[in-house]
Amino acid sequence: MRRPVTVVLAAVLFASSLTTMSAASGLSPADFVDPLIGSAGDGNTYPGATAPFGMLAWSPTSTRGDQTSTGAANGYQYDTARIRGLSLTHVNGAGCNPGAAGDVPILPFAGDVTSSPTADTTDATYASNFSHADESATPGRYKLGLQNGVTTDVAATERTAIGTLQYPAGKPASLLFRTSNSLNGSEDAETHLDPANRKVTGSVLTGAFCGRRANGGVNNRKSYYRLYFTAQFDQPFAGTGTWKDATLQPGGLDQTGGEGYATGADRAGRGSGGYVTFAPGSKVTMRIAISYVSLEGAERNLRAEQPSKSTVDSVATATKKAWNTELSRVDVSGGTANQQITFYTALYHGLQQPNLVSDVDGQYLGMDQKPHRLARGQDAQYSNFSGWDQYRAQVQLLALLEPRVAGNFAQSLYNYAQQNDGVWDRWVHVNGATHVMTGDPTAATLATFYAMGVRNFDYRGAFDSLYKQATVPRPEGMQDGGCPGQCVGQRPNLAQYLTSHYAPNDVCHCWGGAAETLEDAVADFAIGHFAELLGRTREAAELHARGAYWRNVYNPETGYMQARNVDGSWVTPFDPASDRGFAQGSAAAYTWMVPQDVSGLADVMGGKANAVTRLDGFFHDANGNWQLKGGGPLKYDPTNEPDIHAPWLYNELGQPWKTQETVRQLVNSVYGTGPSGLPGNDDLGTMSAWYVFAALGIYPRTPGSGELLLSSPLFPSAVIRPEAGAPIRITTSGSGKYIADVRRGGRPQRDWKLDASFLHTGSSLDVRLSETPTTWGS
């Protein structure tokens, strides 16, 4: 089984060149998606079957010989071709390792189960190698041939999957449910085998996202959700068995027991599960569904999403159609086959999240650990919010293409905050508040949604709640629990922040005072604009003033952002390459993180000409060569969220042609096809969303705004079709990477930015390109 992308590419090359994705080509957007892009290196994507915004994702859990660890944060690493199961839940591109979920690995095993799989702590026996030649991944479907002789073919709906397992003749046919073996461990698990009804059911109590971090991870070694599953089979069980820790119980039907959240030897050999066997050579169809609410919920989900006559082919066809609906929201024409593959795979990854967490009956598990129903007017509850990452690009892509999903997501986050004593957490995993990263990204996110026209959420109630979080100190803001990395205070030491007008590094109870100040300044500017749009003039003035607090951590003596102590002194010794006072980034990188006031940043740097010279040095070495792939802490890092907007700053600094050449260089050299096609963690679609915007020649100007910055489009033609919105058409003429002229709706567009009305009314951009830099927009 060869990867379909190879087939697509061969077909394209056979036709000489790909110039359009017309109906005559027989190719749909989904045919250009390669889910394996980003599965090598640090991309942390997963190749398995999932539907748009799906709850379930059937994908491998790989092993390097340690049952308590995995090949990569999401369970799959392209260079680790050995698995111990295929799991039911995944999160795209999360950076913690192990990351999130990977719940209930299920292993087709061609052999007798003669010992406890949990006792096989090195995955020497109950695991299987495979070849990538026997792997096929397409949107909504995943096929894998294991070296043990079993082949699997699985398709997914939003909450369910259907798969066929073909066992080799003459060998025992077993199926292992490693129920307790979630990526981060588990507190408890239960497995129930029902031969009379050909059914396996169970659940795992888990959570612990980022629970192994050295910097405070123990704070997150806790449970916050129980995942229920039901699996039904079309073939009778020839045998059953269960295990707990090192004890195997052949013939057993019920078992319980978790692994804990420790690491290495403290967790190895613990856990429980069950297995069923079939006749040798059997072809078995399995239907499986999940729920975060109850077993009954999982069974309702299965009945609702898989009609009795469903097959792998029929489900895969329906899910591919669903993916084509999403991917067709941006129709690009022209370019090379590889550019189309890179683009549509980035769009695919960008629209994998948020993830559905409510059942078909509208129930979901709240942040208070209680079942809830959807709010009035809400279609679905969504979760998995990597706020610090997503608010910079992915949420804007979501708002542009799927504003109804964006509104449901906004309501979902508000629901969670109401269930969490009014606290909006930075990184929400399923229903868990994990506190990961820094700043107040939810404020920036909801303000962005509203500015981009999203209205299907309680935006007035949400604003009031976010404003209270930004203005009323809470006791946990004085705690150091989880610091750094997972500080429990959402607005840490807010009272001191409001007094000092920056986060003092020595008393901030945060992950770097300078980083916290810059993040909060962006968030305050964003919700200040939110307030302005709502007619809340007093709050708007207050918050806009706080959006300028970034100035208080810019040291004119060093020329960089720098942390300060509560007495006003600068934190020393200072090194622009150091992350002291910052979160996952250097002072050099964070110095550019003022998207809300680029002109003000240029002023403190001595003017726009000086700022441009410094920005040139951020992207180049001393000889003028590009430094765009993480050339050290003093250079641009395309995988680091605080500086991913930096290529677009040239627009406002008066030299937009440098944005055009820098963005095009990144598009052509940093992103690409193949497993290593992403520069780093996809961070729940953030890096992929960056690429989608860059290829279209537009980019969000600043969080909380609907304005877009302009650059040169990659494709000759693109049509953006927002859900229930007016289409936006972008065309180019001429050649080159520089803009010679832009017309919006037929009229000259002389500015380097588009106002928010461009998104709301639909329009056209006609871009004439040049081989050499021009003065357009300067």
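Quick note: the coordinates plus some simple rules give every number you see, no bench work behind them. All of these numbers come straight from a predicted model, not from anything done at the bench. Positions of Cβ are backbone-derived with ideal geometry, glycine not excepted, and every protein chain shown enters the neighbour counts.
Below, the figures for the structure above:
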item	result
Dimensionless Rg ratio for the stretch 372-464, taking C-alpha atoms and the 2.2 N^0.38 Å reference	0.96
Over 19 Å between alpha carbons, listed pairs K658/K753; K658/K737; K143/K320; K171/K283; K629/K753	K629/K753
Positive-pole candidate from T80, F715, N97, dipole of the chain, charges at beta carbon	F715
Coarse-grained scattering of the chain at q = 0.10 Å⁻¹, given as base-10 log I(q)/I(0) from a Debye sum over alpha-carbon atoms	-0.99
13 Å Cα-Cα reach of K222 towards aspartates and glutamates, excluding residues that sit fewer than 8 places from it in its own chain	E187, D188, E259
Estimated dipole of the stretch 352-471 in Debye, rounded to 20 [Cβ of Lys and Arg +1, of Asp and Glu -1, Cα centre]	220 debye
Total charge dipole magnitude, the stretch 4-324, about the Cα centre, Cβ charges on Lys, Arg, Asp, Glu only, Debye to nearest 20	260 debye
For the chain, the longest site-free run once trypsin sites (Lys or Arg not before Pro) in DSSP loop states with at most 13 other Cβ atoms within 10 Å are removed	3-308
Listed residue (V293, T761, T639) projecting farthest to the positive dipole end of the chain, Cβ model	T761
Ranked T325, T263, T63, criterion: other C-beta atoms within 10 Å, fewest first	T325, T263, T63
Order of W752, W626 under a 10 Å beta carbon neighbour criterion, fewest first	W626, W752
Residue-by-residue Karplus 3J(HN,Hα) for the stretch 123-136, coefficients 6.51, -1.76, 1.60, Hz, glycine and proline x	6, 7, 9, 8, 7, 8, 6, 7, 10, 5, 5, 9, 10, 9
Ranked D425, D621, criterion: other C-beta atoms within 10 Å, fewest first	D621, D425
Test item: Cα-centred dipole of the chain, Lys/Arg +1 and Asp/Glu -1 on Cβ, debye	1320 debye
With Cα atoms, 0 to 90° folded angle of helix 403-419 axis to the chain main axis	80 degrees
Normalised contact order of the stretch 4-324, rounded percent, pairs of Cα under 8 Å and 6 or more residues apart	18 percent
5 angstrom amide H check on A279, placed H, neighbours 5+ away	A238
Cα-based equivalent ellipsoid of the stretch 4-324: semi-axis lengths in Å, sorted from largest, via gyration tensor	30, 23, 19
Per-residue HN-Hα couplings for the stretch 490-507 [Karplus 6.51, -1.76, 1.60; θ = phi - 60°; Hz; x = Gly/Pro]	6, 10, x, 6, 4, 4, 5, 4, 5, 7, 7, 6, 6, 9, x, 5, 7, 9
Angle in degrees between helix 337-350 and the longest Cα principal axis of the chain, rounded to the nearest 10	80 degrees
Principal-axis tilt of helix 295-305 within the chain, Cα atoms, nearest 10 degrees	80 degrees
